[in-house]
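Here the structure is laid out as C-alpha cells; the discussion comes afterwards.
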C-alpha cells in the first residue's frame, strides 16, 4: 500500500510539474510573439477595423498587443512560482499559482464568449476580410493555407468552427488542471498541519515515545465491531482495557479470540496516510512510562 501510494503521488507531482513547465514556455513564447507583433504592426494610420458597436485603429491594436504581451509574460513568471511550489512543497507559492489559474480561467472563459459572439456576427466577417485584403504581406504568407481575398469569408467561417471547438476543449482541460492543483495544495497544507500537530505532541509528552515502540503489535478488541453487537447496536460507547491472554485459561482465551477483532498497533510516529482518523487510545496507567498513545491500523506490517 505504501508503494502504490508513493507511486501515485510521484505520478501526480510529475504530471503537474510537466504541465506547469509547458504552460510557462507557452506563455513566454506567446508574450514574445505578441511583443514582436506590437513593434512590427504595419497598419495605415487612417485605417480602422469597425466591429459591432466599436472601431479599432492602429494605436488601439498596438495597445491591445502590448497589454496581452505583458499579461502572458506575467503568466509565465507565475508558472515558475508554481513549479517551485510543486517541487519544493511550498504552500505559499502553490496558493499564488492556484489563484492565478482561477483568475486566468475566468478571464479566458469570458474572452472566449466575447470573441465567439463577435465573430458570429456577419458584419464582423466582412470587416475582417476587408482589413485582411489590405495586408498584402499577410496574404502572400497565407497562400499555402488556401486563404485569399475571394474565399476569405468562407475560410473565416470554417476557421471559426474549429476555433470554438479548440477553445471548448482547452476550457475543459484547464478546469481539470485547476482541480488537480487545488487537491495537491490541500494535500500539502494538510500534511504540514499534521506534522506541526505531531511535533507539538512530542514537545508536550516526549517521554511517551521510545525506539523500541516503533514495531507493530497485535491486539484483540472487544466487542467485535463486525459482529452481532454492531447489528443490534447494544453498545453505545465500547470501553477497551488490556487483558493478557496468558493469564486466562485456554478455553476462555479461544472464546475471546473468536469474538474479538484483530488489529495492529504501534506506539511510535504514525504514518498519516495509513492511520485511521481516530483519536489516540491510551492503554495502561498514566504514570507508567512504558505506555503511551496507541495508533490503530487495519493492516499487518
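Points worth noting:
- Being out of contact with any helix residue (DSSP H, G or I) (no Cβ under 7 Å at 6 or more places or on another chain) and modelled with pLDDT under 90 is a property that does not hold for residue 124.
- Verdict on residue 168 being in a helix (DSSP H, G or I) and surrounded by 15 or more Cβ atoms within 10 Å (Cβ to Cβ): no
- Residue match in region 9-30 (condition: in a helix (DSSP H, G or I) and at pLDDT below 80): yes
- Counted residues, region 51-88 - those being modelled with pLDDT of 85 or more and farther than 24 Å from residue 39 by Cβ: 11
- Taken as a whole, the condition of being touching a helix residue (DSSP H, G or I) at 6+ places or on another chain (Cβ under 8 Å) and assigned by TED's automatic domain parsing to the domain that holds residue 182 does not apply to residue 134.
- Of all the numbered requirements in (1) touching a strand residue (DSSP E or B) at 6+ places or on another chain (Cβ under 6 Å); (2) free of Cβ contacts under 8 Å to residues at least 60 places away in the same chain, residue 131 misses one, and that requirement is (2).
- One residue stands out among those in region 122-142 that are within 18 Å of residue 161 (Cα to Cα) and surrounded by 15 or more Cβ atoms within 10 Å (Cβ to Cβ): the one that is farthest from the chain's Cα centre (by Cα), which is 129.
- In summary, helices (runs of 4 or more DSSP H) completely within region 73-155 and bearing 1 or more residues that are closer than 30 Å to residue 186 by Cα occur at 91-120.
The values are calculated or read from the model by the stated rules, or taken from the named source; none is laboratory data. Remember, it's a predicted structure, so these values are computed and weren't measured experimentally. Heads up, the Cβs are rebuilt from the backbone with ideal geometry, glycines too, and the neighbour counts pull from every protein chain shown.
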